[in-house]
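Have a look at the structure below before the remarks.
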Amino acid sequence: MEFLQKIGSGLWNFAQTSGFSLMFTNPDVAWWQYALMIVVSCVLLYLAIAKGFEPLLLIPIAFGMLLANLPQTVESGIMHPEWFTVTEIDWGNVLSHGGLLDILYLGVKLGIYPPLIFLGIGAMTDFGPLIANPKSIVLGAAAQLGVFITFLGALLLGFNFLEASSIGIIGGADGPTAIFVTKTLAPHLLSSIAVAAYSYMALVPLIQPPIMKALTTKKEREVIMEQLRPVSKKERILFPIIVTITVLIIIPDAISLIGSLMLGNLLKECGMADRLSKTAQNELINIITIFLGVTVGATATANTFLTADTLKIVVLGLCAFSISTAGGVLFGKVMYWATGGKVNPLIGSAGVSAVPMAARVSQTVGQKANPKNFLLMHAMGPNVAGVIGSAVAAGVFLALYK
Amino acid sequence: MANLTEGLSIVVLGMTVVFSVLLIIMVIMLVLGKTVNNTPASGTKSTTAKSESPANPNIAAATTNDEEILAVLTAAALAFRGGMQVQNGGVIGLRSYRPNVKSRW
């Protein structure tokens with residue numbers, strides 16, 4: 001009899017520590033909030049796996065979200081986002097009692113992962129089209145319009161300057177940049193902004209074409225651009241050095257992002273560090289992408305994600321993308337007029353970054369208007385200029401509000 | 001209202017800085033393209049391939065320019081045709097060339 005009582009009490013104690021019990025007894029999170037977050041995670045996983053929406057990033061983010069939203073106690077928790085949103089972080093507590101994702105999240109909190117991702121992006125990026133046609137770089141600047149207009153919109157919706165800066169940077173269509181700015185200025189919005197940024201980047205082929213068509217005439221879309229000239233190795237090597245010096249003399253706060261991006265590109269272009277270049281564009285960026293995705297996803301707990309602010313951020317993110325696209329296309333039209341019709345305005349939309357998806361969209365829309373049109377390489381110029389442009393815009397916000 | 005005014009000033013400031021930085025890079029790269037590399041500016045057509053002989057090293061090194069690729073193909077066709085002329089002692093169109101095997105025997 002005593003034996004059965006012991007088994008019974010053991011089972012009862014075990015049941016009380018189970019996630020199912022915690023789901024109904026946690027005073028901070030209601031059971032339906034847990035359930036809703038699990039559903040959101042699964043929807044994101046579905047979009048990434050079945051629909052191919054940015055799977056390399058959305059799968060780790062969605063799985064991190066799933067891990068953080070399964071019921072767990074403070075002691076057994078794999079991630080404690082609330083530890084990182086306070087003014088004074090108790091680093092000793094994080095290191096001695098933190099879960100796996102708490103420790104990995106230090107790479108986000110300390111601003112290590114986004115620059116390392118940029119290192120890999122730099123090693124993978126061919127700036128040749130931009131060097132061959134430097135005029136296209138201004139399209140990358142024009143496409144930052146959405147960043148600043150959305151910043152203004154966020155202020156009007158009641159966000160403070162730090163939060164508005166982080167929301168606005170979604171318009172740069174650059175995930176690591178958005179994460180880097182947000183972790184510094186508004187860490188409590190990190191999960192919402194990361195999910196919004198990566199979701200919209202995946203939706204670029206759906207968001208951009210209607211805007212591009214609405215702002216251009218058929219005649220403009222049909223313009224066939226002349227072949228780009230070949231770019232010498234000397235120019236390719238000098239480019240990252242020139243960009244680094246130019247940008248960082250003006251905006252030192254962009255040093256982490258631009259410095260890493262250009263270092264990665266120099267490793268690739270110099271031809272003397274192939275091992276480092278290959279590591280940066282393969283193993284390093286893949287490992288960091290997993291760490292970054294999972295930990296950012298894990299910050300999306302019910303308390304921080306299921307808020308009215310998240311809805312506002314989703315709407316503002318869409319506005320940011322749309323305005324950035326419009327800014328690029330409109331400036332493309334200016335270049336069309338200025339050059340007497342030699343520039344196809346469609347390449348302007350690629351200035352929103354989102355490499356190389358946005359350039360592919362320019363190619364697709366251009367080819368629909370004129371099957372002989374090949375805009376891909378022309379659009380790659382503004383596309384990679386957008387990466388630099390969004391990092392500069394991030395540097396402006398960091399310089400003003402850090 | 002104060003927020004909006006400050007926000008507007010940041011919009012202007014931010015776009016100005018972004019444009020300035022990228023315009024500076026653009027100017028440097030334009031100058032670099034013309035001086036260091038000494039190649040035609042972007043968007044201009046190269047005329048070297050069209051006017052010079054197939055032996056021009058520019059043509060041998062050509063990889064991306066349409067006109068240069070066309071010149072390489074033309075040069076290859078001319079060389080092939082020239083070779084045929086030497087071999088057969090006369091102008092022979094590729095379509096009309098039919099070796100008469102029986103007569104050689």
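The values are calculated or read from the model by the stated rules, or taken from the named source; none is laboratory data. Model, not experiment: these values are computed from the prediction. Cβ coordinates were reconstructed from backbone atoms using ideal geometry, including for glycine residues, and neighbour counts include every protein chain displayed.
Scanning region A:235-288 for residues that are among the hydroxyl-bearing types (S, T, Y) and over 23 Å from the mean Cα position of the chain (by Cα) yields a total of 1.
Among the candidates A:I38, A:I61, A:I78, which residue alone is in contact (Cβ under 8 Å) with a residue 60 or more places away in the chain, under 21 Å from A:V195 (Cβ atoms) and assigned to a helix (DSSP H, G or I)? Checking each option against the conditions leaves just A:I61. Condition test on A:A326, is it part of a helix (DSSP H, G or I) and more than 18 Å from B:S20 (Cα to Cα)? The answer is yes for A:A326. When the residues of region A:357-391 are filtered to those that are surrounded by fewer than 19 Cβ atoms within 10 Å (Cβ to Cβ) and in a loop (DSSP other than H, G, I, E, B), the one that is nearest to the other protein chains (Cβ to nearest Cβ) is A:F374.
Restricting attention to region A:202-240, the residues being crowded, with 19+ Cβ neighbours inside 10 Å, acidic (D, E) and away from every other protein chain (no Cβ under 11 Å) number 1. Of everything in region A:142-158 that is at the interface with another protein chain (Cβ under 10 Å from one of its Cβ atoms) and out of contact with any Leu (no Cβ under 8 Å at 6 or more places or on another chain), the residue that is modelled with the lowest pLDDT is A:G158. When region A:246-274 is limited to residues that are more than 14 Å from every other protein chain (Cβ to nearest Cβ) and surrounded by fewer than 18 Cβ atoms within 10 Å (Cβ to Cβ), the one that is nearest to B:T16 (Cα to Cα) turns out to be A:C270. Among the residues of region A:93-112, none is identified as aromatic (F, W, Y) and either at pLDDT 95 or above or in contact with a His (Cβ under 8 Å, 6 or more places away or on another chain) (or both). Being in contact (Cβ under 8 Å) with a residue 60 or more places away in the chain, under 20 Å from A:L145 (Cβ atoms) and surrounded by 23 or more Cβ atoms within 10 Å (Cβ to Cβ) is not true of A:V243. For A:K135, the conditions (1) within 11 Å of another protein chain (Cβ to nearest Cβ); (2) farther than 24 Å from A:G348 by Cβ; (3) of a type in the set (D, E, K, R) are fulfilled apart from (2).
Looking at region A:254-319, the helices (runs of 4 or more DSSP H) lying wholly inside it that each contain 1 or more residues that are basic (K, R) sit at A:255-270, A:274-279.
The set of residues in region A:137-152 that are in contact with a Gly (Cβ under 6 Å, 6 or more places away or on another chain) and surrounded by 24 or more Cβ atoms within 10 Å (Cβ to Cβ) comprises A:L139, A:G140, A:A141, A:A142, A:A143, A:Q144, A:L145, A:G146, A:V147, A:F148, A:T150, A:F151.
So that you can scan it fast, the table gives a plain yes or no per residue for (1) crowded, with 24+ Cβ neighbours inside 10 Å; (2) under 28 Å from A:L110 (Cβ atoms); (3) among the β-branched types (V, I, T):
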| position | (1), (2), (3) |
| --- | --- |
| A:I290 | no, yes, yes |
| A:A298 | yes, yes, no |
| A:A308 | no, no, no |
| A:I313 | yes, yes, yes |
| A:C319 | no, no, no |
| A:G327 | yes, no, no |
| A:N344 | yes, no, no |
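Only residues that are more than 14 Å from every other protein chain (Cβ to nearest Cβ) and either under 20 Å from A:K183 (Cβ atoms) or of a type in the set (A, V, I, L, M) (or both) were counted in region A:300-325, giving 18. Listed by first and then second residue, the pairs linking a residue in region B:27-41 that is within 8 Å of another protein chain (Cβ to nearest Cβ) and under 16 Å from A:F127 (Cβ atoms) to a residue that is assigned to a loop (DSSP other than H, G, I, E, B) and modelled with pLDDT of 90 or more, with Cβ atoms under 6 Å apart and 6 or more places separating them unless they lie on different chains, are B:N37/A:S232.
Looking for something more than 22 Å from A:G259 (Cα to Cα), without any contact (Cβ under 8 Å) to a residue 24 or more places away in the chain, not β-branched (V, I, T) and not in a helix (DSSP H, G or I) - is there at least one such residue anywhere in region A:100-109? No: zero hits.
For A:T279, the test of being over 25 Å from A:A379 (Cβ atoms), of a type in the set (S, T, N, Q) and out of contact with any Lys or Arg (no Cβ under 6 Å at 6 or more places or on another chain) is passed. The single condition from (1) hydrophobic (A, V, I, L, M, F, W, C); (2) at the interface with chain B (Cβ under 8 Å from one of its Cβ atoms); (3) under 12 Å from the mean Cα position of the chain (by Cα) that A:I169 fails is (2).
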